[in-house]
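Data first, discussion second: the structure below is written as C-alpha cells.
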Amino acid sequence: MKPLSILTLLLVAIHARFAVAQTAELKLAIAEIGAPRRWVIGDERSQIMVLIVNASGQPQRVWQTWNSWGARTITIEVLDQHGAKLGRIVNSQRVWAMNGPSFDTIAPGDYHLMPITVHGQSPWQLEGEALQNLEPNVWHHAQIRALFTSKDAEGKGVWTGHLETPFYDFELRVRGDAAGAQAGARALRLPAPEQNLNVPDLKTIPDGEYAVNLEWWGRKQSLTVAIHNNEARVIQSSDPLLQGIRAPFRRGDEGNFKITFQTLDGQIASEYWIPQPDKTFIIKETPDRGEKQRAAPIQRDL
C-alpha cells in the first residue's frame, strides 16, 4: 500500500466526491488520470482504476479480486449522456483453477487500486443490449460509476458493506473487433502452442510486448512490458509505482534471465525469467516466496 502523498501526484484531478451511502471507514472513487476521462472497450491497455480509500483510523481488509470471494465485489454501471441506462460491466469468471479467501489490508490513510480492463482475455464482460450494441470506433459521451459490495461469510474480518461512487463523465469507445456480449477484442492473443522456443539455444529474450502478472508486496499487478535488445520497459501497469521503469536482462549459466527493477519510490526487486517451450516465461522472485507469476508474448492480429 502506498501513502496518499504519492496518490496526489498520480491522480491528475481527482475530486473528493463520494456518494452519501458510503460509510466513514472506506470511500470509493474512480481515479482520474488525464482529462477527459476516456475508456476503450476491447483494448488491453485501457483501464478504469477503481480506488478504495481507508478513511478510518484502523486497518481495513478487502478481498483480493483474483478469487471467488472478491471477483464480483466491483460492478461498473454505464449510462448515456442523458442518464438512460446502457448496461453494466461485471466480472463473469465462474471457474477457478486456484481459489482461496485471500485479502489485502489497507492501512489507515492508504488506498487500494483495482484496475478494470475489458478485452478478449479479461473476465470482465458487458451486460445490457444497449451497451453491447454501441456503435463501434466512435467516442460516446457516457456516465460511469463504480459499486463495491463486500460480504464476509468466512469470518476473515474483511470489511462488509456497500459503496457507490458518483457518476463520472466519460468518453467511451468500443473497438470494432469487440464482439457481442463478450466485450473484449480478440486483437491481442497468445501464440498457438505449436510455436515453440528452442529453450537451450535462447540467448536473449525475444523482442516484443509481453503480458506480465506479478505478485509484489502481497498484491497482484498486471503489466505490459516491452522488450528490445534484452532490455525490459514497463509501458502499462496496474500499479503506478511500476509505470515506465526499465532494466536489462542478464542470462545465467542455466539459461534463465535475471533482471533487477527499481520502482519509482526506490524499492528493489530481483527476479528470474525462466523460458518455457510455449514462448512464455515463469517468473521467480529472489527470494522465491511461491508467487504464481508469468510473462506471455502478445501477438497482434493484422
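Since every read-out is calculated from the coordinates, none of them should be taken as a lab result. Since the structure is predicted, the reported quantities are computational estimates derived from the model, not experimental observations. Ideal geometry is used to build each Cβ from the backbone, glycine not excepted, and the neighbour counts take in all protein chains shown.
Extending 7 Å from Cα along the Cβ direction at S270 and again at T160 yields two label points whose distance is 4.6 nm. The HN-Hα couplings worked out from phi for region 41-55 by the Karplus form 6.51 cos²θ - 1.76 cosθ + 1.60 (θ = phi - 60°) are 7, x, 10, 4, 8, 8, 9, 9, 9, 8, 10, 10, 10, 8, 8 Hz, whole numbers, x standing for Gly and Pro. Label-to-label distance for K151 and Q299 is 4.2 nm, based on points extended 7 Å past Cα in the beta-carbon direction.
When the C-alpha to C-alpha distance is required to be over 21 Å, the pairs from K203/K279; K85/K220; K27/K85; K27/K151 that qualify are K85/K220; K27/K85. Simple spin-label estimate for V138 and T260 gives 5.5 nm between the two label positions (7 Å along the Cα-to-Cβ direction from each Cα). Bridgeable aspartates and glutamates around K156 (alpha carbons under 12 Å apart, same-chain partners fewer than 8 residues away excluded): D104. Using the Cβ-Cβ distance between K292 and N230 with R0 set to 30 Å, the FRET efficiency from 1/(1 + (r/R0)^6) comes to roughly 0.75. A protection proxy built from the mean count of other Cβ atoms within 10 Å ranks the segments 262-274, 59-71, 124-136, most packed first, as 59-71, 124-136, 262-274.
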